Amino acid sequence: MDAERLTRYLKGKMPNAGELRVVGLRRIAGGASRETYAFDIEWSENGERRSRPLIARRDPTGGLLKSEREREFKVLQAMHRAGLKVPEPLFVELDRSVMDRPFFIMHRLPGRVSPGAFAPEEPAQLRAKVADDFLGELAKLQSIDYRAHGLKWLGEPNDPLEPARVQAAHWQEIYECDRMREHYPVMSAAFAWLRANPVATDRVTVVHGDYRSGNYLYDEHGIVAMLDWEMAHLGDPMEDLGWASMLFWGREEIAAGLMERGEFLRLYETKAGRRIDRKRLFFYQVLGNAKMAVICLTGIRDFVEGRTPDTVMPLLEMLLPRLFGDLATQLKLL
């Protein structure tokens, strides 16, 4: 991303900002489905010198996920209006001539990212607060009236079985498209099981689609913001809980890298004010393992075929045995 072109773009979006300049533009790690850049802007307005920290998220040449910038931007706008802890979205640009590929700009919040299990050097009280916030924000997301917030366009299901069937079919389609002639019997078994055992939801909510450790910012007071909304859709609330509580993100007895699994699920029930449907939860944990394997295969293929130079992508192959092992255990294939 070029600072001069970015400056011109922002001057057009902020006509009252005099002497605007981009400061400290740098690409930062994370966001494998997006190129992520941090920078500040400084400008003069009404006789005052002002500044603001920003993030730009641009489409990569290839990567883990294929998603739409305008869709994600609109979801962020709705979540921000609804009072969820998310960065404020500011501008979205779909014209490729501006910066080669679509991008959007949002406010940059302070905080640090936990890439997996919560860092052991962090205080136990902070771990508990982050876990409480993590499930509190999930319950708040699931309580949002998506119609009132103008999100019916995300795809309202026609019947209670549709969310499960649509998600299973969606990820199977990507799997069939993106695997490179490999045959993975455990994946065939997983998708066959998902097709044969769809679960009916008792309500439809906004689903984040990637609600997990690594997708939030936190500081000494707890969670600052939930990130990465590119897979948001309407569906079964158990989908996000199933994904967040997969063994893959926490391993063994620690769910989401935050809390003992039983305590984690009990706290969700307290926050949501509802009992967990364990059958639906299991379905979405199986789907989650298959989905994560598909995401890895997509990244590997994009690297092999030259759509991305990101050297992390071929390393994703090392994650597949763990995901396949979890699927085999879940489906009693071992």
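The values are calculated or read from the model by the stated rules, or taken from the named source; none is laboratory data. For clarity, every value in this text was computed on a predicted model and none was experimentally measured. Reconstructed Cβ throughout: ideal geometry from the backbone, glycine too, with neighbour counts over all protein chains shown. In case anyone asks, the SASA skips ligands and DNA or RNA and just uses the protein heavy atoms, side chains included. Shrake-Rupley method; radii C 1.70, N 1.55, O 1.52, S 1.80 Å.
I'd like to check something: does segment 25-33 contain any residue that is modelled with pLDDT of 95 or more and not basic (Lys, Arg)? Yes, because at least one residue in segment 25-33 is modelled with pLDDT of 95 or more and not basic (Lys, Arg). Filter segment 139-156 down to the residues that are under 29 Å from ALA255 (Cα atoms) and either part of a loop (DSSP other than H, G, I, E, B) or in contact with a helix residue (DSSP H, G or I) (Cβ under 6 Å, 6 or more places away or on another chain) (or both) and list them by number. The answer is ALA139, GLN142, ILE144, ASP145, TYR146. In segment 104-129, of all residues being in contact with an Asp or Glu (Cβ under 8 Å, 6 or more places away or on another chain) and open to solvent by 70 Å² or more (accessible area, probe 1.4 Å), the one that is farthest from TYR211 (Cα to Cα) corresponds to PRO110. Taken as a whole, the condition of being among the hydrophobic types (A, V, I, L, M, F, W, C) and either surrounded by fewer than 19 Cβ atoms within 10 Å (Cβ to Cβ) or under 24 Å from VAL75 (Cβ atoms) (or both) does not apply to ALA255.
A residue that is closer than 25 Å to ASN215 by Cα and either open to solvent by 30 Å² or more (accessible area, probe 1.4 Å) or touching a Lys or Arg at 6+ places or on another chain (Cβ under 8 Å) (or both) cannot be found anywhere in segment 11-20. Identification of helices (runs of 4 or more DSSP H) wholly contained in segment 1-112 with 1 or more residues that are under 17 Å from the mean Cα position of the chain (by Cα) yields 69-81. Restricting segment 143-188 to residues that are surrounded by 14 or more Cβ atoms within 10 Å (Cβ to Cβ) and basic (Lys, Arg) leaves a set whose member that is nearest to PHE303 (Cα to Cα) is ARG179.
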